[in-house]
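Engineer: Sharing a structure with you now.
The values are calculated or read from the model by the stated rules, or taken from the named source; none is laboratory data. Given the structure is predicted, the values throughout are model-derived calculations rather than measurements. Note that we place each Cβ from the backbone using ideal geometry, even for glycine, and neighbour counts take in every protein chain shown. These accessible areas exclude ligands, DNA and RNA; they are computed on the full protein's heavy atoms, side chains included. Shrake-Rupley method; radii C 1.70, N 1.55, O 1.52, S 1.80 Å.
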Number of protein chains: 2
Amino acid sequence: MAKEKKEFVEHITAQSEDFSRWYTDVIMKAEMVDYSEVKGCMVIKPYGYGIWELIQNEMDARFKATGHKNAYFPLLIPESLLNKEAEHVEGFAPEVAWVTHGGGEKLQERLCIRPTSETIICSMYSKWVQSYRDLPLLLNQWCNVLRWEKTTRPFLRTSEFLWQEGHTVHATQQEAEEETERMIGVYKEFAENVLAIPVIAGQKSEKEKFAGAAHTYTMEAMMLDGRALQMGTSHNLGQNFAKGFDIKYLDKDGTQKYVWQTSWGTSTRMIGGLIMVHGDDRGLKLPPKVAPIQCRIVPVAAHKPGVMEKANELFDALKAAGIRVDLDDREQSVGWKFNDCELKGIPIRLEIGPKDIENGKAMLVRRDTFEKIPAPLDHIVEEVQELLAAIHANMLEMARDFREAHTFTAHNFDEFMDGIEKGHGFVKAMWCGDTECELEIKAKTGVTTRCTPFDEHEHLSDVCVHCGKPAKQLMYFAKSY
Amino acid sequence: MAKEKKEFVEHITAQSEDFSRWYTDVIMKAEMVDYSEVKGCMVIKPYGYGIWELIQNEMDARFKATGHKNAYFPLLIPESLLNKEAEHVEGFAPEVAWVTHGGGEKLQERLCIRPTSETIICSMYSKWVQSYRDLPLLLNQWCNVLRWEKTTRPFLRTSEFLWQEGHTVHATQQEAEEETERMIGVYKEFAENVLAIPVIAGQKSEKEKFAGAAHTYTMEAMMLDGRALQMGTSHNLGQNFAKGFDIKYLDKDGTQKYVWQTSWGTSTRMIGGLIMVHGDDRGLKLPPKVAPIQCRIVPVAAHKPGVMEKANELFDALKAAGIRVDLDDREQSVGWKFNDCELKGIPIRLEIGPKDIENGKAMLVRRDTFEKIPAPLDHIVEEVQELLAAIHANMLEMARDFREAHTFTAHNFDEFMDGIEKGHGFVKAMWCGDTECELEIKAKTGVTTRCTPFDEHEHLSDVCVHCGKPAKQLMYFAKSY
């Protein structure tokens, strides 16, 4: 058994040795994804897709609770539509795929596969919105999108990916701004309460904002290698698309007015985030709320009388309580099964053997701390439920502690460089807000602006940490995915 | 109010006048879909998409209960993969859309947008299946597909549509056959118990089977104009794809064997089916289990004291019981609201006014029969729940009665022609099974073979109803969508 365990674990590269190889090992060995015959496109296997389904359920409930409805718009966008908003086409045209032939014939106009759906949706909104009574219009879409990428990594950056995109229309600038803020708030609450990932929410720089937006809000998480991951964005589109697509409404005062719009999105990329925020050298560590299996029962000495009966009984009790439970009755050894639980990141392993039954207890083993907790069999449901909640809370706290330990404050450029080189994490500093300065920082250091946080208002200096011009804002910088 | 009602209803063409225009009027006015700027592609609006979400929930639960898991495979399929199974490529190549450029460059190999995913999935299965331990492999995918269509109608036939496709791999021919039958059975049970649509389940002719299948099972429903709609299919793929894609496993006996496969699918087309099976001249008539709104509360004399309070109280009680309820507090007249309930096909309209409150009752109005049922306010939840169940049962029965009244038995070709001309429905007759005969029947009469039913074994004649050769099977014929 010891040998098996060793062999099993050896297959995963240690995080400290090569974080990137560790990531690839985990996603492949935990059977989350596979590479396909189509360059840059991934196959999401059942274990990975199960996480996505749970993410969808949790998010969709939040969207509906905030008044949104789902709809579906076409996959293909005519070139002339894509071209209607100048900044938008400039941002996306270089990375789209073009359909040129259909039904055996060359098309009169090329169609791109949606890289995002603002243009096709706005073409409909210009028909649907006529009066102030039609507003607000609050829609969301769950779908696939495609952006031709040169270097890809499963979940983090693939040509095709799955996502949700919200698209809303409002009568006033203020309502659109409230919606933009509301949805980044929903994302942040979701990241923390469901994925156990603490995020910094704030505003993107001019350079990093969405192509076509007035401004973009983001939530940024820190991975275990100290790099940032943009986990979701919410865009205030102002009237840019309204003017490009002529979306107007007749207001109560009898005049025609352009609408104000927002869009916001999150994707399967979040799965990459939860792997890199929580995982360890034994594999995945899944936050309980999106774990396809929350508790796995491993019978010990399963051939002994009564063991399988008790295991089945516990399975039935946990399942009836709505816990996502499974029972590992495969042929493999107990040691192999323990390793498999760890590799797959199952929050709780429940061991039950003849001695446990004798003592009226089962052993619960936490994936987050490896702690072993004897739990009375007659309160097993409550014990498992409480432990799942405790695991979530601990994972969130561990991630927050890690981020805080890897966040540095720079009052000048020496400290800035120091933070980047030593810290492998976030550096926060005062910044001038100029794109030119931003590009120079990136060229010199490899870090990019992540966001100006909503919740922090320190005034570290009067001047920009890099160029010395007057400082306009506090900015988080980091290397990023 | 009378005038409003009249105007409102006038907008829907009567079924008897022009069934096709009636269909278009209903889907547009009930706000289910809209036409997009992309030829042949529809936009599914929230009310239509809400039905699809309920269909997905119900089906997905059935797939999981029969051991299937969801996964996701790429949208794009390289031309060389599509070409690997000869019959399959012949069937689908003429109707695919081709991506020829991506990321600003011409691609070395064309990629088609999936018309169905057998080929891309089999390319993965050939990697994943190695041993008998890997079998059965039972996956399903919810996604969009695209088939370039010349003439399109929303839900019934569009270039892009949403669907689910199951793809399973088995060790033996028998297991694959059992799965093929199991899934057509799941579909039939779903159609009847959820959509309230009675279907004939049976086997497709050689000509009508899926391109690449050994044989295809189908469920066929009858629309209110007497035409058939294929509502879902389940294919036994035999070893055709296994051989094309080299999918083999090492059996317990130490030998390499080709696997046996199935695939099965249903789509947003089912929504077209439920419109045309249940609707009437006032609009949609939704089966309660997929109605986004099952019960709408319409306050009468809403300005009178206590009415809105009671309406809100009923809303809360029904919602808490898990009924999909809404409360129409819009500015429009009560008559307009009644019409809107009918147009949208909401199963129960609940009217509540000062007199009702005085009498301790609300008026429940059934969409299926227009019957008005006074219901005691203190048992409103039970009354609504029971009525929803009764409406489902009645809708299924009405549809079954209609189908039976429009199904004709033909012992010879005169009776066959008679049935088609008079009946506008299904004609069942004995048939030789030859494709040539099938093509001649279609050319002469416009009808196609629908299926040889599983559950009917009448022997009407020894010879084919058309060509006089020995009869091989009972066959349902009909004009179809």
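Engineer: Hey, what did chain B get for relative contact order, percent, Cα under 8 Å, at least 6 apart? Please report the intermediate quantities before stating the final value.
Structural biologist: Values: 979 pairs, mean separation 67.7, N = 481.
Relative CO of chain B lands at 14 percent.
Engineer: Quick one, can you get me the convex hull of the C-alpha atoms of the stretch A:44-158 expressed as volume per residue in Å³?
Structural biologist: Details: hull volume 18.0 nm³, N = 115.
Residue-normalised Cα hull volume stands at 156 Å³.
Engineer: Rounded, prolate or oblate: which fits the stretch B:303-376 when a ≥ b ≥ c are the square roots of the eigenvalues of the alpha-carbon gyration tensor, with rounded for a/c under 1.5 and prolate only if a/b beats b/c? Could you put the intermediate results ahead of the total?
Structural biologist: Numbers: a/c = 1.31, a/b = 1.21, b/c = 1.08.
Rounded.
Engineer: Averaged over every viewing direction, what's the projected area of the C-alpha convex hull for the stretch B:395-481? Give it in nm², one decimal, please. If you can, show how the numbers build up before the last one.
Structural biologist: Values: hull surface 22.9 nm².
Hull-based average projected area comes out at 5.7 nm².
Engineer: Shifting gears a bit: Specify the angular offset, from 0 to 90 degrees and rounded to the nearest 10, of the alpha carbon long axis of helix A:413-423 from the longest principal axis of the alpha carbons in chain A.
Structural biologist: 30
Engineer: Right, something else. Enter the mean number of other protein chain beta carbons within 10 Å of the beta carbon of each residue in B:92-105, as an integer.
Structural biologist: Working: counts 0, 1, 2, 3, 5, 10, 9, 11, 7, 8, 13, 11, 6, 1.
Average per residue, whole number: 6.
Engineer: Provide an ascending nm list, one decimal, of label-point separations from residue A:193 to the equivalent residue in each further copy; define each label point as 7 Å from Cα along Cα→Cβ.
Structural biologist: Distances between equivalent label points, in nm: 3.4.
Engineer: Can you work out the FRET efficiency for the pair residue A:443 and residue B:157, with r the C-beta to C-beta distance and R0 = 51 Å, to the nearest 0.05?
Structural biologist: In this case the efficiency is close to 0.40.
Engineer: Hey, what's the Kirkwood Rh for the stretch B:257-305 if you take every pair of different alpha carbons, in angstrom?
Structural biologist: When all Cα pairs of the stretch B:257-305 are included, the Kirkwood radius is 15.0 Å.
Engineer: State the percentage of accessible surface on the stretch B:217-266 attributable to carbon and sulfur atoms; use a 1.4 Å probe and exclude ligands, DNA and RNA.
Structural biologist: Numbers: 660 of 1540 Å².
Carbon with sulfur: 43 percent of the solvent-accessible area.
Engineer: To the nearest whole number, what is the average tally of beta carbon atoms from other chains within 10 Å of the beta carbons of peptide B:65-73?
Structural biologist: Working: counts 0, 0, 0, 1, 7, 6, 11, 14, 9.
If you average over the peptide's residues, the count of other-chain Cβ atoms is 5.
Engineer: Using the Kirkwood radius over Cα pairs, work out the Stokes-Einstein diffusion coefficient for the stretch A:279-409 at 4 °C and 1.567 mPa s, in µm²/s as a whole number.
Structural biologist: Translational D for this selection: 85 µm²/s.
Engineer: Considering only protein heavy atoms and a probe of 1.4 Å, how much of the accessible area of the stretch A:413-481 is carbon and sulfur, as a whole percent?
Structural biologist: On the way: 1670 of 3290 Å².
Ligands and nucleic acids excluded, carbon and sulfur give 51 percent.
Engineer: In addition: Between residue A:386 and residue B:435, what is the label-to-label distance in nm when each label sits 7 Å out along the Cα-to-Cβ direction?
Structural biologist: Result for the modelled spin labels: 6.9 nm.
Engineer: Distances from residue B:382 to the same residue in each other copy, label points 7 Å out along Cα→Cβ, in nm, shortest first?
Structural biologist: The answer, with the shortest distance listed first, is 3.3 nm.
Engineer: Additional query: Accessible area of residue A:200, 1.4 Å probe, to the nearest 10 Å²?
Structural biologist: Counting only protein heavy atoms, the figure is 10 Å².
Engineer: How big, on average over all directions, is the shadow cast by the Cα convex hull of the stretch A:333-481, in nm²? Don't jump to the answer; show the numbers that get you there.
Structural biologist: Numbers: hull surface 48.8 nm².
Mean orientational projected area (the stretch A:333-481, Cα hull): 12.2 nm².
Engineer: Just the Cα atoms of the stretch B:83-222: what Rg and Dmax do they give in Å?
Structural biologist: Looking at the stretch B:83-222, its Cα Rg and Dmax stand at 17.2, 51 Å.
Engineer: Can you pull the three principal axis extents for the Cα set of chain B, in Å, largest first?
Structural biologist: For chain B, the Cα extents along the three principal axes come out at 80, 58, 48 Å.
Engineer: Kirkwood Rh over Cα pairs of the protein assembly as shown into Stokes-Einstein at 4 °C, 1.567 mPa s: D in µm²/s?
Structural biologist: Details: Rh = 30.9 Å.
In µm²/s, the coefficient rounds to 42.
Engineer: Let me ask something else about it. When the accessible area of the stretch A:320-382 is computed with all protein chains present and a 1.4 Å probe, what percentage of it is carbon and sulfur? Can you show the working numbers first?
Structural biologist: Details: 1390 of 2750 Å².
Heavy-atom surface of the stretch A:320-382 belonging to carbon and sulfur, 1.4 Å probe: 50 percent.
Engineer: Can I ask one more? To the nearest 20 debye, what charge dipole does the stretch A:356-481 have about its Cα centre, counting +1 at the Cβ of each Lys and Arg and -1 at the Cβ of each Asp and Glu?
Structural biologist: Details: 14 positive and 23 negative charges, 101 e Å.
Taking the Cα centre of the stretch A:356-481 as origin, the dipole is about 480 debye.
Engineer: Turning to a different aspect of this structure: Of B:111, B:15, B:26, which is farthest along the charge dipole of chain B in the positive direction, counting Lys and Arg as +1 and Asp and Glu as -1 at C-beta?
Structural biologist: Checked the options; the winner is B:111.
Engineer: Rounded to the nearest 20 Debye, what is the dipole magnitude of chain A about its Cα centre when Lys and Arg each give +1 and Asp and Glu each give -1 at the C-beta?
Structural biologist: Values: 58 positive and 73 negative charges, 148 e Å.
Computed charge dipole of chain A: roughly 720 debye.
Engineer: If you don't mind, there's one more thing I want to ask. Which listed residue (B:303, B:176, A:370) has the Cα farthest towards the positive end of the charge dipole for the protein assembly as shown, taking +1 on Lys and Arg C-beta and -1 on Asp and Glu C-beta about the Cα centre?
Structural biologist: B:176
Engineer: Still on this structure, I have one more. Quote the FRET efficiency, to the nearest 0.05, computed for residue A:206 versus residue B:79 with a Förster distance R0 of 35 Å and r equal to the Cβ-Cβ distance. Don't skip to the answer; put the middle values down first.
Structural biologist: On the way: r = 42 Å, r/R0 = 1.21.
Calculated transfer efficiency: 0.25.
Engineer: Continuing with this model, one more query. Need the per-residue list for the stretch A:160-190: every residue with at least 20 Å² less accessible surface in the complex of protein chains than in the chain by itself, probe 1.4 Å, sorted by number.
Structural biologist: Relative to the lone chain, where solvent access is computed with a 1.4 Å probe, the stretch A:160-190 loses at least 20 Å² at A:160, A:162.
Engineer: Compute for chains A and B the buried accessible surface, both sides summed, probe 1.4 Å, and express it in Å² to the nearest 100. Before the final figure, lay out each step's value.
Structural biologist: Details: alone 21190 and 21190 Å², together 38090 Å².
In total, this chain pair buries about 4300 Å².
Engineer: Which one, A:325, A:100, B:57, is farthest towards the positive end of the dipole of the protein assembly as shown when Lys and Arg carry +1 and Asp and Glu -1 on their Cβ?
Structural biologist: A:100
Engineer: Take A:82, A:439 and sort them by solvent-accessible surface of the protein heavy atoms, 1.4 Å probe, largest at the top.
Structural biologist: Values: A:82 0, A:439 90 Å².
Ranked list, largest accessible area first: A:439, A:82.
Engineer: Please state the equivalent ellipsoid semi-axes for the stretch A:151-280: what are the square roots of 5 times the Cα gyration tensor eigenvalues, largest first, in whole Å?
Structural biologist: Numbers: eigenvalues 209, 43, 27 Å².
Over the Cα atoms of the stretch A:151-280, the ellipsoid semi-axes are 32, 15, 12 Å.
Engineer: Let me ask you something else. Cα-Cα pairs above 16 Å in the stretch B:66-131: how many percent? Please list the in-between numbers first.
Structural biologist: Numbers: 1124 of 2145 pairs.
Of the Cα pairs, 52 percent sit more than 16 Å apart.
Engineer: Okay, moving on. Can you give me the C-alpha center-to-center distance between the stretch A:182-228 and the stretch A:15-71, rounded to a whole angstrom?
Structural biologist: First find each Cα centre; the distance between them is then 18 Å.
Engineer: Across 5 Å bins from 0, what is the distribution of all Cα-Cα pair distances for the stretch B:1-108, in whole percents?
Structural biologist: Calculated over all Cα pairs of the stretch B:1-108, the distribution is 2, 8, 9, 11, 12, 15, 15, 11, 7, 4, 3, 2, 1, 0 percent.
Engineer: From the gyration tensor of the Cα coordinates in the stretch A:197-239, what semi-axes in whole Å does the equivalent ellipsoid have, largest first, with each one equal to sqrt(5λ)? The partial results should precede the final answer.
Structural biologist: Values: eigenvalues 102, 18, 9 Å².
For the stretch A:197-239, the ellipsoid semi-axes come out as 23, 10, 7 Å.
Engineer: How many nm separate the modelled label positions at residue A:369 and residue A:401, each set 7 Å beyond the Cα in the direction of the Cβ?
Structural biologist: 1.0
Engineer: If you don't mind, there's one more thing I want to ask. Rounded to the nearest whole Å², what accessible area per residue is found for chain B with the 1.4 Å probe?
Structural biologist: On the way: 19040 Å² over 481 residues.
The answer is 40 Å² per residue.
Engineer: Next up: About its Cα centre, how strong a charge dipole does the protein assembly as shown have in debye, to the nearest 20, once Lys and Arg get +1 and Asp and Glu get -1 at the Cβ?
Structural biologist: 780
Engineer: Can you list the copy-to-copy distances for residue B:418, using a point 7 angstrom from Cα toward Cβ, in nanometres, shortest first?
Structural biologist: Inter-copy label distances (nm, one decimal, shortest first): 10.1.
Engineer: Which FRET efficiency value, to the nearest 0.05, is calculated for residue B:256 and residue B:472 with the Förster distance at 35 angstrom and r the Cβ-Cβ distance? All intermediate terms of the calculation are to be shown ahead of the outcome.
Structural biologist: Values: r = 36 Å, r/R0 = 1.04.
That gives a FRET efficiency of 0.45.
Engineer: Residues with beta-carbon under 13 Å from that of residue B:16, excluding residue B:16: net charge, scoring Lys, Arg +1 and Asp, Glu -1?
Structural biologist: That sum, taken over residues with Cβ under 13 Å, equals -4.
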